[in-house]
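The structure appears below as structure tokens.
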Amino acid sequence: MKKLINILDFLPEELENEIKPMFHVKQLCQWIYQKYVDDFDSMSSLSKDLRLKLGQKYHFSPLQCVNFLQSQDGSIKYLFELNDGLRIEAVLLPMKKEKFDEKGKRISHTKYTLCISSQVGCRSGCSFCLTAKGGLKRNLSAGEIVGQVLWIKKHNKIPYEHRVNIVYMGMGEPLDNLKNVSKAVRILAHNDTFAISPRRQTISTSGLAKQIKELGQMNLGVLLAISLHAVNDALRTELMPINKAYNIASIMSAIREFPINQRKRIMFEYLLIDNINDKREHAKELVKLLNGIKAKVNLILFNPYEGSIYKRPCMQKALEFQKFMREKGITCTIRESKGLDILAACGQLKQRSEEL
């Protein structure tokens, strides 16, 4: 049986040589990305011959949901199975609820952030991350990345015109799969697909300095988030072995060259782990490290999982850390923890399903 090709792997213009006249490509994209149809046969504006031709060569179902958990806070964690049987996770995070005026008229829609995966597993080996325990299985294709967004939007009935934010912070190291992640950014941003502006897409990296420079040279317009988590090489190498290859100095050098919009900042993700990196001395070192960089620090309280050697710090420690950073003139927020009741730590749902 002939293996079908995932049509989500292609930018609209890459299909124009095969699908003619050109306006049929736009119609095809509208059916898939905006009307959320299930198959080619449902695309009534396309000729029967074209629908048959497309169905014989392509598919647009690179994954299926095999489990999901919904938190009391509204966030939903999904476990997806890819067509080769491997599994990944993604999360839907409702950030702001819809608002109504005094007459009951809706004045703003619910704001969502989608946290999506870029690899099956990960090779970075961070000691606090459950995903790293299984190593790297393979990279996701651009279409498998896009497929996560399509599935979540479709099954939550999020209309095309309701914009969402995308964060490449699920399973995997996005810059270790830069070719496919950068293409996914362009597909998601295309006006004929989801039209999710690159300014609404954030790529998070553990600090692959070489790839940070490559991403900057692409000038995609995406936001950059650095998973820093430590302020000196000794501690960072203990937490994140990737630091042996790309130490803090090399990361900072690459960041200083990264093009950012004047109104934007480089995000630094800092995972607070009880009695490891949450002391005043660490905050002081972080201030020195960020000197001269247009930065925003996002503090994250460690999300515990069974078997971890690390503990979650109390909120008071986080507030004190934040207060010090702000007093030194650095924008600093504490990320609201979501999904603590639904195996929210990256890799937990996948790990639990494999143990059952």
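The values are calculated or read from the model by the stated rules, or taken from the named source; none is laboratory data. Here the structure is a predicted model, which means the values were calculated and not measured. Virtual Cβ from ideal backbone geometry, glycine too; neighbours counted across all protein chains shown.
For the range 110-143, the set of residues classified as assigned to a helix (DSSP H, G or I) and either out of contact with any Pro (no Cβ under 6 Å at 6 or more places or on another chain) or under 13 Å from Tyr168 (Cα atoms) (or both) consists of Thr131, Ala132, Lys133, Gly134, Ala142, listed by residue number. Of all residues in the range 248-269, one or more are within 25 Å of the chain's Cα centre (by Cα), at pLDDT below 95, farther than 22 Å from Ser117 by Cα and acidic (Asp, Glu).
For the range 17-34, the condition holds for no residue, the condition being that it is modelled with pLDDT under 95, surrounded by 13 or more Cβ atoms within 10 Å (Cβ to Cβ), of a type in the set (A, V, I, L, M, F, W, C) and closer than 18 Å to Asn156 by Cα.
Return the residues of the range 36-69 that are touching a residue at least 12 places away in the same chain (Cβ under 8 Å) and of a type in the set (Lys, Arg); say none if nothing qualifies. Matches in the range 36-69: Lys57 only.
Would the range 188-203 turn up any residue that is of a type in the set (Gly, Ala, Ser), crowded, with 23+ Cβ neighbours inside 10 Å and at pLDDT 95 or above? No; the residues of the range 188-203 include none that is of a type in the set (Gly, Ala, Ser), crowded, with 23+ Cβ neighbours inside 10 Å and at pLDDT 95 or above. Looking only at residues in the range 315-356 that are modelled with pLDDT of 95 or more and among the acidic types (Asp, Glu), the one that is surrounded by the most Cβ atoms within 10 Å (Cβ to Cβ) is Glu320. Would you call Tyr305 touching an Asp or Glu at 6+ places or on another chain (Cβ under 8 Å), aromatic (Phe, Trp, Tyr) and either in the same structural domain as Arg236 (by TED's automatic domain parsing) or free of Cβ contacts under 8 Å to residues at least 40 places away in the same chain (or both)? Here the answer is no, as Tyr305 does not meet what is asked. Only one of the numbered conditions (1) at pLDDT 80 or above; (2) not aromatic (Phe, Trp, Tyr); (3) not in a loop (DSSP other than H, G, I, E, B) is violated by Arg312, and that is (3). Closer than 22 Å to Arg123 by Cα, of a type outside the set (A, V, I, L, M, F, W, C) and touching a Ser or Thr at 6+ places or on another chain (Cβ under 9 Å) - does that describe any residue in the range 226-234? Looking for residues that are closer than 22 Å to Arg123 by Cα, of a type outside the set (A, V, I, L, M, F, W, C) and touching a Ser or Thr at 6+ places or on another chain (Cβ under 9 Å), one finds at least one in the range 226-234, hence yes. Of the residues Lys296, Lys284, the single one that is surrounded by 15 or more Cβ atoms within 10 Å (Cβ to Cβ), more than 17 Å from Lys210 (Cβ to Cβ) and basic (Lys, Arg) is Lys296.
Annotation: of all residues in the range 220-244 being small (Gly, Ala, Ser) and surrounded by fewer than 20 Cβ atoms within 10 Å (Cβ to Cβ), the one that is farthest from Leu130 (Cα to Cα) is Gly221. Filtering the range 14-34 to residues that are closer than 19 Å to Glu144 by Cα and of a type in the set (D, E, K, R) leaves only Glu14. For the condition surrounded by 17 or more Cβ atoms within 10 Å (Cβ to Cβ), modelled with pLDDT of 95 or more and not small (Gly, Ala, Ser), Asn277 qualifies.
Answer with yes or no whether Val149 is β-branched (Val, Ile, Thr) and within 30 Å of Leu289 (Cβ to Cβ). Taking the combined requirement at face value, the residue does not satisfy it. Against the definition (in a helix (DSSP H, G or I), in the same structural domain as Lys111 (by TED's automatic domain parsing) and not hydrophobic (A, V, I, L, M, F, W, C)), how does Glu161 come out, yes or no? Answer is no for this residue. Screening Gly207 on (1) surrounded by fewer than 20 Cβ atoms within 10 Å (Cβ to Cβ); (2) within 16 Å of Val181 (Cβ to Cβ) shows it passes everything except condition (1). Here Gln217 fulfils each of the conditions (1) surrounded by fewer than 18 Cβ atoms within 10 Å (Cβ to Cβ); (2) of a type in the set (S, T, N, Q); (3) more than 25 Å from Val146 (Cα to Cα) apart from (3).
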